[in-house]
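The values are calculated or read from the model by the stated rules, or taken from the named source; none is laboratory data. Predicted, not measured: the structure shown is a model, and the values here were computed from it. Every residue, glycine as well, gets a Cβ built from its backbone with ideal geometry; the counts of neighbours run over all protein chains shown. We work out accessible area using only protein heavy atoms, side chains counted, and drop any ligands, DNA or RNA first. Shrake-Rupley method; radii C 1.70, N 1.55, O 1.52, S 1.80 Å.
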Amino acid sequence: MEDFIYEKDANGIVTVTMDMQGQNANTMNARFEPGMRAICDRLEAEEGLAGVIFASAKPTFFAGGDLNDILATETADEATFAHVEANKAVYRRLEKLPVPVVSAINGAALGGGYELCLACNHRIVVTDPRAVVGLPEVTLGLLPGAGGVVRLTAKLGLEKALPFLLEGKQVRPDAALAAGLVDEIVADRDQLVPAAKAWIRANPDSHTQPWDQKGFRYPGGDAVHPRIRQTAIMAPAMLYKKTRGLLPAPEKILDIAVTSMKMNFDAALRMETRRFIGLMASKEAKAAISTFFFGTQAVKSGKVRPEGDRWQAGSAAVLGAGMMGSGIAYAHAKRGLPTQLKDTDMANAERGKGYSERLCDKALSRGRLDEAGKAALLDRITPTTGNAAAGSIDIVIEAVFEDIGLKEKVIADTWPMLAQDGIYGSNTSTLPISILAEACPDPTRFIGLHFFSPVDRMKVVEIIVGDKTSEETLRKAYDYVQQIGYMPIVVNDARGFFTSRVFGTFMDEGCQLLSDGMAPAAIERAAWLAGMPVGPLQVFDEVSLILSQKVRKTHEALDQRLGVDSKFGAHNTATSRITDAMIDMGRGGRQYGGGFYDYDAEGGRTLWDGLGQFARGNSEVSLRDAIDRILYRQAIETLRCMDEGVLNTEVEANLGGIFAIGFPAHTGGAIQFIRGEGIEAFAARARELAAEYGDRFAVPDSIYDRLRDDKAQA
Ligand code: NAD
């Protein structure tokens, strides 16, 4: 079997069907370039050639570059440059053929696959929603390096090309046609090659690309056109606002797109290659590929799922129709899971359902839901004040107030609802699961299911395995989380689990910086520059200082009850000092009328001018140190969680940190951040920070051993 099947018909039209052997999709693997080179040699020598069609024998058209190759690229050297140039050269040879070349797109054509289409004179796609086209490289920290930036800019013009290049949007056939990414649509796969042949016969002279024609003008205006010049000036600033200068890929893409318009086409392609190989070797691309491509794939494909048959919940009860319970009920109903929403009085339960109604109305107004869909969704939520029939519910989720006594009572009272093989989850954000489990008759079926707020947007659930939770319960919980379309992150029970614990260090580092005398606005800015979604002082206000104090006191009481010293939050020394003082001054957080910020009636906020009193230091902390402190604190706490067995895999550490607590995405997650810095360099910098700022940065060298030994991720 061959990778490329070459067939010439009686009219001189050659169809090249790509069928890369030993894999289920066509990719730019090591055999691609030599294979395509041989095809080009043959086409250029072909007598009586009238046209060429590229088709695929796989369910997809072409999947683009091989990401494993990119992960393995260590340096942007000349060999890598030559390799990428050789790949591009075959595309250039195709567009120089003296006959029309058409791509017959039977399925997804992404990245290098769509770049092949761009090198063709005509693109025909089948009306299958799976036949998406686009250049998603930017989402993986890369740029379309096989001519995609230069050709799409020349094909659509700068303004129309930029959204596709900078956002990596993948579009379905109808939208692709409307945007000019493809030229023709057919209803059926079988019609692709006949349609391509018909086009070739009707357009025998359409073999020169617009950009190779004399007097070529860029659609929408050349580089000197005032509007294009304006775009070229404004775009970098707009981009910076989004990326904060943390993502090299979109910056390079923008630069190539703009610069290419002023250059000779082949020189522009070479410039694209140069920038591309720089990104291939970058830590940002490795981070994005490892975490967002391979990491999410590992989670989705069940690589980190406990083994066993798939389970599906057919009925659910959510206890507590407050902020979290209402959100969880909506998540259930959206994915077809009928749910009893229980609260202490009917008005509360109804209000909880009202939350779903509001979300439905929003979706309705955006055209994402119709009236029938809304009615069906709402029909699945039953507000109630009572327990469901004994033995009738597959999954119960407790989301009442964060009060251990109340939770213990509720768990015992509602347990009988569970079906014989059902499971019981608690949405507690800090209480130990193994202790709550003691309130139920069968702790093996009890587990933590920690959702995040707002539930409809934070699509991740921290699953907490208690001392006695069975493997089967964990598997069912995992399947349930995936059933409702959320990402499961499995952790073992410990104070603060993983997410609350790491998040606590972020807020504490904000307080530490305040304590060191850094200006509050500079602290917030440092977090922004580090890539955090919001500053630590702002987020502390949202969480509320009162809640933070309450959690600390709950754990102190728990320690007393158990006769242990859990050392929960032991490193968070500034938090306790500052929260206690702030609360005494009536500054409990946003919902209590103000905290680190003052809030006005319009929702605006300004930093409170009394924060200077917490400064004990000399305000000499540099912005660089502040940024590092914010990132290193969280990374070190994540490492501790790995070391203590709270976290099981790097993939979950990385994804959980990004999606649940907003650890900067460009790093690929906390552990990937350490890898990106280099383990030894990270350790050295942590030692420096420890020497200057305190023991919370001091970690035993052995803590890195697991990362040193385990180069490959789960
Ligand atoms: P909330 O105060 O908004 O809602 C709690 C609800 O529970 C109220 O409607 C209350 O009437 C109801 N309730 C009280 N006793 C009950 C009982 N015996 N039976 C049924 N309902 C009862 O609280 P919330 O913010 O939704 O938090 C709920 C749980 O989720 C807590 O354990 C909290 O720690 C956890 N959590 C909260 C967040 C968050 O950001 N708010 C995030 C993750 C987890």
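Which FRET efficiency value, to the nearest 0.05, is calculated for residue 172 and residue 364 with the Förster distance at 30 angstrom and r the Cβ-Cβ distance?
On the way: r = 22 Å, r/R0 = 0.74.
Computed FRET efficiency for residue 172 and residue 364: 0.85.
Along the Cα→Cβ direction, 7 angstrom out, place labels at residue 421 and residue 7. What is the inter-label distance in nm?
About 4.9 nm separates the two model spin labels.
Give, in nm to one decimal, the length gained when the segment between residue 701 and residue 82 is fully stretched (0.36 nm per residue of separation minus the Cα-Cα distance).
Numbers: separation 619, 0.36 × 619 = 222.84 nm, distance 4.07 nm.
Residue separation times 0.36 nm, minus the Cα-Cα distance, leaves 218.8 nm.
So for the chain: antiparallel DSSP bridges make up what percent, rounded to the nearest 5? Don't jump to the answer; show the numbers that get you there.
Numbers: 16 of 62 bridges.
Once the DSSP bridges in the chain are tallied, antiparallel ones form about 25 percent.
With +1 on each Lys and Arg Cβ and -1 on each Asp and Glu Cβ, and nothing else charged, work out how big the dipole of segment 327-469 is about its Cα centre, in Debye to the nearest 20.
On the way: 17 positive and 20 negative charges, 128 e Å.
Computed charge dipole of segment 327-469: roughly 620 debye.
Ignoring ligands, DNA and RNA, what accessible area per residue does segment 316-492 give at 1.4 Å, in Å²? Provide the component values of the computation, followed by the final result.
Values: 6940 Å² over 177 residues.
Here the residues of segment 316-492 average 39 Å² of exposed surface.
Determine the distance separating the Cα centre of segment 421-462 from the Cα centre of segment 635-700; give it in Å without decimals.
Segment 421-462 and segment 635-700 have Cα centres spaced 25 Å from each other.
Tell me whether segment 513-657 comes out rounded, prolate or oblate; compute the Cα gyration tensor, take square roots of the eigenvalues as a ≥ b ≥ c, and use a/c under 1.5 as the rounded threshold.
Details: a/c = 1.68, a/b = 1.23, b/c = 1.37.
The shape class here is oblate.
Can you check what the net charge comes to around residue 598, using other residues whose Cβ is under 14 Å from the Cβ of residue 598 (Lys, Arg +1; Asp, Glu -1)?
Details: positive: 587, 590, 605; negative: 541, 600, 602, 609.
Local charge sum for residue 598: -1.
With a 1.4 Å probe and every protein chain left in place, work out the accessible area per residue of segment 4-131 in Å², rounded to a whole number. Kindly include the intermediate steps, with their values, before the conclusion.
Details: 4640 Å² over 128 residues.
Using a 1.4 Å probe on heavy atoms only, each residue of segment 4-131 averages 36 Å².
Within segment 418-458, whose backbone N sits under 19 Å from a point 7 Å along Cα→Cβ of residue 644?
Counting only backbone N, you get 428-437, 448-450.
For segment 491-572, which trypsin sites (Lys or Arg not before Pro) pass both filters: DSSP loop (anything but H, G, I, E, B) and at most 10 other C-beta atoms within 10 Å?
567
Treating only the Cβ atoms of Lys and Arg (+1) and Asp and Glu (-1) as charged, compute the dipole magnitude of the chain about its Cα centre; round to the nearest 20 debye.
Value, rounded to 20: 1400 debye.
Take the residue pairs 58/459; 169/459; 283/362; 169/303 and return only those whose Cα atoms are more than 30 Å apart. Could you put the intermediate results ahead of the total?
Working: 58/459 32 Å; 169/459 21 Å; 283/362 39 Å; 169/303 27 Å.
Beyond 30 Å between Cα atoms: 58/459; 283/362.
Between beta-carbons, use under 13 Å as the cut-off and find the net charge around residue 388, counting Lys and Arg +1, Asp and Glu -1. Walk me through the intermediate numbers first.
Details: positive: 342; negative: 394, 413.
The answer is -1.
For the chain, which span is the longest to avoid every loop-located (per DSSP) member of GluC sites (Glu not before Pro) having at most 14 other Cβ atoms inside 10 Å?
Numbers: sites that count: 2, 47, 74, 307, 602, 620, 644.
Longest stretch, sites excluded: 308-601.
Mind checking which aspartates and glutamates have their Cα closer than 17 Å to the Cα of residue 550? Skip sequence neighbours fewer than 8 apart in that chain.
The reachable aspartates and glutamates, counting only those whose Cα sits under 17 Å from residue 550, are 402, 403, 508, 541, 542, 559, 580, 584.
Using the Cα centre of segment 541-677 as origin and beta-carbon charges of +1 (Lys, Arg) and -1 (Asp, Glu), tell me which of 657, 668, 574 is placed farthest towards the positive end of the dipole.
Toward the positive end, the furthest listed residue is 574.
For segment 1-47, what class follows from the C-alpha gyration tensor (a ≥ b ≥ c being the square roots of its eigenvalues): rounded when a/c is under 1.5, otherwise prolate if a/b is larger than b/c, else oblate? Could the numbers behind the result be given before it?
Working: a/c = 3.31, a/b = 1.69, b/c = 1.96.
Taking the square roots of the gyration eigenvalues as a ≥ b ≥ c, segment 1-47 is oblate.
If one computes the Cα centroid of segment 178-255 and of segment 10-44, what distance in Å separates the two points?
Taking the Cα centre of each part, segment 178-255 and segment 10-44 sit 24 Å apart.
Please work out how much length the chain gains when fully extended from residue 525 to residue 585, using 0.36 nm per residue of separation minus the C-alpha to C-alpha distance, in nm with one decimal.
19.0 nm
Enumerate by residue number the trypsin sites (Lys or Arg not before Pro) in segment 104-184 meeting two conditions: DSSP loop (anything except H, G, I, E, B), and at most 15 other Cβ atoms within 10 Å of the site's Cβ.
On the way: sites: 123, 130, 151, 155, 160, 169; in loops: 130, 169.
Taking segment 104-184 and a limit of 15 other Cβ atoms within 10 Å, the loop trypsin sites (Lys or Arg not before Pro) found are 130.
Under a 5 Å amide H to amide H cut-off, with H placed in plane at 1.01 Å, what residues pair with residue 185 once short-range neighbours are removed?
Under 5 Å from the amide H of residue 185: 125.
Taking only DSSP H segments of four or more residues, each worth -39500 (n - 2.57), what value at 222 nm results for the chain once the sum is divided by all its residues, to the nearest 500 deg cm²/dmol?
Numbers: 29 runs with 336 residues, N = 714.
Using -39500 (n - 2.57) per qualifying helix, the result is -14500 deg cm²/dmol.
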